[in-house]
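What follows is a single structure, written as structure tokens, with notes after it.
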Amino acid sequence: MRAMSIAATGMLAQQTNVEVIANNLANMNTTGYKQQRAEFEDLLYQNVEMPGTATSDSGTLLPSGIQLGAGVRTSAVYRIGGQGDLSSTKNPYDLAINGPGYFHIVEPDGTDAYTRAGNFALSPQGQLVTDQGFTVAPGIIIPTNATTVTVNSQGQVQVTTPGNPTPNTVGQLELTRFPNEGGLQAIGNNLYLETASSGAPQSALPGTIGYGMIQQGFLETSNVDPVNEITSLITAQRAYEMNSKVVTAADQMMSTTSQMAGA
Amino acid sequence: MDNTLLISLSHQLAAIRSMDVIANNLANVSTPAFKRENVKFEELVAQLRAQEGDTSPQPVSFVQDKGVVRNLDEGRLERTNNAFDLALNGPGYFVVQTPKGNQYTRNGHFTLDPSGQIVTENGETVQGDGGAIAITPNDGDIHIAADGTVSGKNGQIAKIQVVNFANERMLLKEGSSLYSTTQTPSPATGTAISQGMLESSNVEPVVEISHMMEIMRAYQATASLTQQQESLLSQAIEKLGAPVN
């Protein structure tokens, strides 16, 4: 019976749905995490009787025909790139992006990666790095004798040193955007990689049209809405149950059939 | 005499097909803009040869499934907050360019491709008034108005095409939420696009589950009819075929 395998596709789809929701809830407190959503689409149809075929010579047409579906499949799990709330941390190396864009990170092997999690720190050499120790491009070095470090909304990094009243610019952060941010590949550790589907990175100073601004002393929280996730979880669980009921019903019909033969 | 068995069989085959359709409806309970389907049955009347004592031929009715009808009710609108999730509020379809020509969909979950064009999850371009719609990062936040006008920081970019057809039920399902047709599309009127929303599937789980129960029980009833008919037959053979003393 086809009903069984169709219901199985439904159960698989809902399982993926629950997995995505679980990952969202697990990352509720992950800095810069973007909520994900599973997206479904119907499978191919088998045309038993094509709608619109002639039913007589005088031009009458079959109004609906018989097209039998084969179930459902997960077409995508995509990120919803809405802005997360900014929470104040008072740490001078915590930077949040208010608006679109990503920080550019250089991994130890030289690969370019991108992130919205601005919880940075200093390396032993005084370089601005991520919490994994990866360099934040372009590799800004904060002098060891700096008393205050300021990152303004345009990404300019300025330090004051003892005996020098005027702030000294030591670097400039840039933000990166992609034509299709949904196409970025998440590699964990809050990092994303460029892919063929994301398009080529385009960099500009923070505050340029189309790019966000930098807020020092803040972190962007995840944009997961727990209420929304729990509601989706309940819906997914019920949908899973309903599909399993179809399997049971189809099974009962088959058992009826086999009992007929036994009579 | 075999007609009872054949009529039962015709009902059981129809029941199995209804079950497949219900399974497909329930499997697609989370598919955006999925339209639930119903099997329509038809009575197929056959005339039996008149037997001795009959004044006219005896009609018998078989069951035949004649069509799978799409319920075109609008699904609920669900908020996703994704800038390229669009819901159609009212009749109509988005136009999508596929390798097999233009196809139509009500599933408004779109995204951007590497060149910044609005595409479906399968990478097929969504059609505006002047073909594919391309967006650059300089356009900033994209606003899509109820009439389909796509605008960014630098003003209007394009207008998303929404079309309708003389006979929506004649649209052929292609899977992946797409429909194809040979009908000529005409611009949809009175349809509003809601940005950041998706139309959910219009499958009503309660209806489907109760329908499923009904079919399962009817199938069982027919099966027991077949069994009784069979035991009737075997009894007849035993009794009538018993040696005459």
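The values are calculated or read from the model by the stated rules, or taken from the named source; none is laboratory data. The model shown is predicted, which means the values in this text are computed figures rather than measured ones. Cβ sites come from the backbone with ideal geometry, for glycine too, and all protein chains shown count toward neighbours.
Residues of segment A:121-149 being closer than 18 Å to residue A:187 by Cα and assigned to a loop (DSSP other than H, G, I, E, B), which ones?
A:130, A:131, A:132, A:133, A:134
Can you tell me which residue among B:90, B:131, B:108, B:116 is buried (at least 20 other Cβ atoms within 10 Å of the Cβ) and over 30 Å from residue A:54 (Cα atoms)?
From the options B:90, B:131, B:108, B:116, the qualifying one is B:108.
Using beta carbons and a limit of 7 Å, which pairs, at least six apart or on different chains, have the first residue in segment B:7-25 and closer than 16 Å to residue A:243 by Cα and the second one in a helix (DSSP H, G or I) and acidic (Asp, Glu)?
Note: pairs meeting the criteria are B:22/B:208; B:25/B:208.
For segment B:206-230, name all the residues that are surrounded by fewer than 18 Cβ atoms within 10 Å (Cβ to Cβ) and either within 19 Å of residue A:238 (Cα to Cα) or basic (Lys, Arg) (or both).
Matches in segment B:206-230: B:206, B:207, B:209, B:210, B:213, B:217.
Please pick out the residue among A:74, A:30 that is more than 9 Å from chain B (Cβ to nearest Cβ), assigned to a loop (DSSP other than H, G, I, E, B) and either within 24 Å of the chain's Cα centre (by Cα) or β-branched (Val, Ile, Thr) (or both).
Of the residues listed, the single one that is more than 9 Å from chain B (Cβ to nearest Cβ), assigned to a loop (DSSP other than H, G, I, E, B) and either within 24 Å of the chain's Cα centre (by Cα) or β-branched (Val, Ile, Thr) (or both) is A:30.
Just to check your reading of the model, which residue among A:40, A:103 is aromatic (Phe, Trp, Tyr), part of a strand (DSSP E or B) and either under 24 Å from residue A:246 (Cβ atoms) or within 16 Å of the chain's Cα centre (by Cα) (or both)?
Sole residue among the options that is aromatic (Phe, Trp, Tyr), part of a strand (DSSP E or B) and either under 24 Å from residue A:246 (Cβ atoms) or within 16 Å of the chain's Cα centre (by Cα) (or both): A:40.
Of the numbered conditions (1) part of a loop (DSSP other than H, G, I, E, B); (2) in contact (Cβ under 8 Å) with a residue 40 or more places away in the chain; (3) surrounded by 20 or more Cβ atoms within 10 Å (Cβ to Cβ), residue A:154 fails exactly one; give the number of that condition.
(3)
Could you give every pair whose Cβ atoms fall below 6 Å, whose first residue belongs to segment A:113-131 and is farther than 17 Å from residue A:219 by Cβ, and whose second residue is hydrophobic (A, V, I, L, M, F, W, C) and assigned to a strand (DSSP E or B), counting only separations of at least 6 or pairs across chains?
A:113/A:105; A:113/A:191; A:113/A:193; A:123/A:129; A:126/A:141; A:127/A:141
Taking segment A:191-209 only, how many residues are polar (S, T, N, Q) and either under 22 Å from residue A:138 (Cβ atoms) or not in a loop (DSSP other than H, G, I, E, B) (or both)?
4
Any idea which residue in segment B:134-150 is farthest from the other protein chains (Cβ to nearest Cβ), counting only those that are hydrophobic (A, V, I, L, M, F, W, C) and in contact with a strand residue (DSSP E or B) (Cβ under 6 Å, 6 or more places away or on another chain)?
B:146
Condition test on residue A:13, is it crowded, with 21+ Cβ neighbours inside 10 Å, among the small types (Gly, Ala, Ser), in a helix (DSSP H, G or I) and not assigned by TED's automatic domain parsing to the domain that holds residue A:151?
yes
Name the strands (runs of 3 or more DSSP E) wholly within segment B:159-231 that hold at least 3 residues that are at the interface with chain A (Cβ under 9 Å from one of its Cβ atoms)?
Fully inside segment B:159-231 and qualifying: B:172-175.
Listed here are the residues, each with its yes/no results for (1) more than 14 Å from chain A (Cβ to nearest Cβ); (2) farther than 16 Å from residue B:191 by Cα; (3) of a type in the set (Phe, Trp, Tyr).
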position: B:91; (1), (2), (3): yes, no, no
position: B:97; (1), (2), (3): yes, yes, no
position: B:111; (1), (2), (3): no, yes, no
position: B:115; (1), (2), (3): no, yes, no
position: B:128; (1), (2), (3): yes, no, no
position: B:132; (1), (2), (3): no, yes, no
position: B:152; (1), (2), (3): no, yes, no
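Which residues, counting only those in segment A:36-54, are β-branched (Val, Ile, Thr) and within 10 Å of chain B (Cβ to nearest Cβ)?
The one that is β-branched (Val, Ile, Thr) and within 10 Å of chain B (Cβ to nearest Cβ): A:48.
For the subset of segment A:211-256 comprising residues that are charged (D, E, K, R), more than 19 Å from residue B:18 (Cα to Cα) and in contact (Cβ under 8 Å) with a residue 12 or more places away in the chain, which member is nearest to the other protein chains (Cβ to nearest Cβ)?
Restricting to residues being charged (D, E, K, R), more than 19 Å from residue B:18 (Cα to Cα) and in contact (Cβ under 8 Å) with a residue 12 or more places away in the chain, the top hit is A:225.
Answer yes or no as to whether residue A:92 is under 21 Å from residue A:167 (Cβ atoms) and in the same structural domain as residue A:188 (by TED's automatic domain parsing).
Yes; evaluated as a whole, the condition is true for this residue.
How many residues are part of a loop (DSSP other than H, G, I, E, B), over 17 Å from residue A:180 (Cα atoms) and out of contact with any helix residue (DSSP H, G or I) (no Cβ under 8 Å at 6 or more places or on another chain) when one looks only at segment B:138-158?
4
Take residue A:232 and tell me if it is modelled with pLDDT of 90 or more, surrounded by 15 or more Cβ atoms within 10 Å (Cβ to Cβ) and in a helix (DSSP H, G or I).
For residue A:232, the condition - modelled with pLDDT of 90 or more, surrounded by 15 or more Cβ atoms within 10 Å (Cβ to Cβ) and in a helix (DSSP H, G or I) - is met.
Any idea which of B:96, B:63 is part of a strand (DSSP E or B) and at pLDDT below 90?
Going through B:96, B:63 in turn, just one is part of a strand (DSSP E or B) and at pLDDT below 90: B:63.
Has segment B:31-45 got any residue that is at positive phi, in contact with a strand residue (DSSP E or B) (Cβ under 7 Å, 6 or more places away or on another chain) and surrounded by 12 or more Cβ atoms within 10 Å (Cβ to Cβ)?
yes
Taking the options A:54, A:26, name whichever one is over 19 Å from residue B:197 (Cα atoms), surrounded by fewer than 18 Cβ atoms within 10 Å (Cβ to Cβ) and at pLDDT below 90.
Matching residue, one of A:54, A:26: A:54.
Of the residues that sit in segment B:33-60 and are over 30 Å from residue B:172 (Cα atoms) and assigned to a strand (DSSP E or B), which one is nearest to the other protein chains (Cβ to nearest Cβ)?
The qualifying residue nearest to the other protein chains (Cβ to nearest Cβ) is B:46.
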